[in-house]
Amino acid sequence: MIRVLIVEDDKLARKGLISMMPWDSYNMKVVGDVPNGAKALEFLENNPVDLMFVDLAMPVMSGIELMERVREMYPNVNFVVLTFHENFEYVQTALRLGALDYISKAELESEDYDQIFQRIVQKIEEKSRTGGLNAERSFETSVNAEVWEKIKRRWYQLYWLYDDEVFEELCSEIEKNNVPVRYVEQLQGY
């Protein structure tokens, strides 16, 4: 059973997430929900957690700060980021910190939860098989150079800045082709 903690300052969003996600179908159980990072750290002191769904923009302690702290103190805890995708810099930082995936709160109702959960479970299994941080290295050999060049060209055209659909397609391509976060980070320097 994967024990899940929801960290989200909006109580309605928290309760909605708990009630609408297919937790049981993916061997997950929500063991707690808290309104901010400080409360999450308190919760972790007394309760085992395997996966945290973390809002990036919260009062008291941001999701990024929380992820940094948890990574130091509880290195086996995994993260899924909850965000409005306009906060792309935050998403990039979260992915660098090892977030497994992110869910756009703006599209929460239209998201395909099964697809999201399948990706999350797959990544948790890959991490446990490869011993965690080496997972990224194992992906590097599977990135097709031609596909990567195509993704880079689309990125540098900058259409994704103005068109959410193009942005989503680009993110899907990156995800589908197992492009390591390190590669995506290099695009930032453009």
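Here's how it looks for residue 61: its modeled amide H is under 5 Å from those of 37, 38, which are all 5 or more places away or on a different chain.
Once amide H atoms are placed 1.01 Å from N in the peptide plane, what residues at a sequence separation of 5 or more from residue 103, or on another chain, have their amide H within under 5 Å of its amide H? Excluding prolines and chain starts, which carry no amide H, the hits are 81, 82, 83.
Listed by chain and number, the lysines placed with their C-alpha closer than 16 angstrom to that of residue 15 are 29, 105; residues fewer than eight positions away on the same chain are left out.
Accessible surface comparison of 30, 60, 54, probe 1.4 Å, protein chains only, largest first: the order is 60, 30, 54.
Could you sort 11, 150, 127 by accessible area so the largest value comes first, with the probe set to 1.4 Å? Please report the intermediate quantities before stating the final value.
Details: 11 130, 150 105, 127 50 Å².
Largest accessible area first, the list is 11, 150, 127.
Heavy-atom accessible area, probed at 1.4 angstrom with all protein chains present, ranks 93, 83 as 93, 83, highest first.
The values are calculated or read from the model by the stated rules, or taken from the named source; none is laboratory data. The shown structure was predicted, so the numbers you read here are calculated from the model rather than taken from an experiment. Note: areas computed on protein heavy atoms with side chains; ligands, DNA, RNA excluded. Shrake-Rupley method; radii C 1.70, N 1.55, O 1.52, S 1.80 Å.
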